[in-house]
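J.: I am attaching a structure below and will ask some questions about it afterwards.
The values are calculated or read from the model by the stated rules, or taken from the named source; none is laboratory data. Please read these numbers as outputs of a predicted model, since none were measured by experiment. Because the Cβ atoms are built from the backbone with ideal geometry, glycine has one as well, and the counts that use them run over all protein chains shown.
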Amino acid sequence: MPLHKVIYDTDPGIDDAMALVFQALHPEIDLLGITSVFGNATIDTTTRNALYLAQRFAPGVPVARGAAAPLQCAAPVPLGWIHGDDGLGNIELPEPDHGKLDARPAHRFIVETVRAHPGEVTLLAVGPLTNLALALADDPGIAHRVKEVVIMGGAFGIRGVLGNVTPAAEANVHCDPEAADIVCGAPWKLSIVGLDVTHETVMTNAFLASIRDRGGEPGRFVWDISRHYERFHFESDRIEGIYAHDYSAVAYLLAPHLYETRSGPVRVVTSGIATGQTIQKPSAMHVDAPDWDGRPACAVCVGVDAPAVLNLYESTLCAGA
Ligand code: BDR
Ligand code: CA
């Protein structure tokens, strides 16, 4: 019985695709739609990938095309060396049926779907937060109508990591810091799954091989697309495996008890050398901080039971095979 009606806002992206497979296979998730955003690749490529993923793993789930660029500047150069030129590890996937694209822009799709299911929809956002900011601008009332918002983004330095694309910033937030600051300041229930926990949760080569061998067609797909990502992780961080970025946001939604969180308002730095840095004022901190005070508290993930998260991913993928 599905417990979570989800709009998945994503820039696929290898780990985005792995998170989509996870959601499509988990019985407690009811995917209401997939909205694309620029980020790991151009909007044309991420939308194509979202359509491909929906048609292969979540047939019937609508896909709406989202923002091509951040709120206040031009689109960044795509990260081909991380996710492949095609965004999915360069494994030569067939073209999806582009005629199936929803006619609405992503932010409008979000607004109308939230209005149609008041109090029921979770926004699960794992790319730049431009579509969510545009949805809030279109209808600020959705902040009171969503059930909750879970994002993969940011880094709070809990274990010394403040960024992955600059020393101060995580990629999704860095791509559109203005949008991220708007999303963190909206009056909705927001949880942030950042590098503090995704770097603690590593899918090793052996783990991915086990999914390949035991997870049927979805498991083989996860293996195929993750070859490129695994090479990138080894070359950049010398780790033998891949960080569990976007699927950690899914795991948090399904099993929040596997995470330790810290409450408090969050601001995003929007200019200067620390652009994209995420800074929380913990609720337990009793100093005046006018730039934070008065903004809603967010739940920032500061700890994780990594083996249990990995087990949840593996058992979900292997359950139906
Ligand atoms: C985030 O950046 C992207 O490359 C990944 O898909 C993930 O959403 C990690 O910083
Ligand atoms: Ca992503």
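J.: What number of residues in region 92-106 are touching a Ser or Thr at 6+ places or on another chain (Cβ under 9 Å) and outside any loop (DSSP other than H, G, I, E, B)?
T.: Summing the residues that are touching a Ser or Thr at 6+ places or on another chain (Cβ under 9 Å) and outside any loop (DSSP other than H, G, I, E, B) in region 92-106 gives 2.
J.: Now a separate question. Can you name every residue in region 107-125 that is part of a loop (DSSP other than H, G, I, E, B) and of a type in the set (D, E, K, R)?
T.: Glu120
J.: Out of curiosity, is Ser271 part of a strand (DSSP E or B), at pLDDT 95 or above and among the polar types (S, T, N, Q)?
T.: So Ser271 fails the test.
J.: Could you list, in sequence order, all residues of region 70-88 that are more than 12 Å from ligand 1 (Cβ to nearest atom) and closer than 12 Å to Pro12 by Cα?
T.: Asp85, Asp86 - these are the residues of region 70-88 that are more than 12 Å from ligand 1 (Cβ to nearest atom) and closer than 12 Å to Pro12 by Cα.
J.: Working only within region 168-212, note down all residues that are away from ligand 1 (no atom under 14 Å from the Cβ) and out of contact with any Pro (no Cβ under 9 Å at 6 or more places or on another chain).
T.: Matches in region 168-212: Asp181, Ile182, Val183, Thr204, Asn205, Ala206, Phe207, Leu208, Ala209, Ser210, Arg212.
J.: Here is a follow-up. Among the residues of region 1-16, how many are near ligand 1 (Cβ under 9 Å from one of its atoms) and at negative phi?
T.: Qualifying residue count for the region: 6.
J.: Here's a check for you: in region 21-53, which residue that is within 21 Å of Ala116 (Cβ to Cβ) and within 16 Å of ligand 2 (Cβ to nearest atom) is surrounded by the most Cβ atoms within 10 Å (Cβ to Cβ)?
T.: Ala50
J.: Which one is surrounded by the most Cβ atoms within 10 Å (Cβ to Cβ), of the residues in region 204-239 that are assigned to a loop (DSSP other than H, G, I, E, B) and at pLDDT below 95?
T.: That would be Ile239.
J.: Of everything in region 162-186 that's under 26 Å from Ala143 (Cα atoms) and among the β-branched types (Val, Ile, Thr), which residue is nearest to the chain's Cα centre (by Cα)?
T.: So, considering only residues that are under 26 Å from Ala143 (Cα atoms) and among the β-branched types (Val, Ile, Thr), the one nearest to the chain's Cα centre (by Cα) is Val173.
J.: Being in contact (Cβ under 8 Å) with a residue 60 or more places away in the chain and either more than 18 Å from Asp16 (Cβ to Cβ) or of a type in the set (Phe, Trp, Tyr) (or both) is true for just one of Val121, Val111. Which residue is that?
T.: Step by step, each of Val121, Val111 is checked, and only Val121 is in contact (Cβ under 8 Å) with a residue 60 or more places away in the chain and either more than 18 Å from Asp16 (Cβ to Cβ) or of a type in the set (Phe, Trp, Tyr) (or both).
J.: Can Ala289 be described as in a strand (DSSP E or B) and at pLDDT 95 or above? Even if it seems obvious, please write down each step before you answer.
T.: On the way: in a strand (DSSP E or B): no; at pLDDT 95 or above: yes.
No; evaluated as a whole, the condition is false for this residue.
J.: Can you pull out the residues in region 123-174 that are surrounded by fewer than 22 Cβ atoms within 10 Å (Cβ to Cβ) and touching a strand residue (DSSP E or B) at 6+ places or on another chain (Cβ under 6 Å)?
T.: Scanning region 123-174 gives Lys147, Glu148, Ile158, Gly163.
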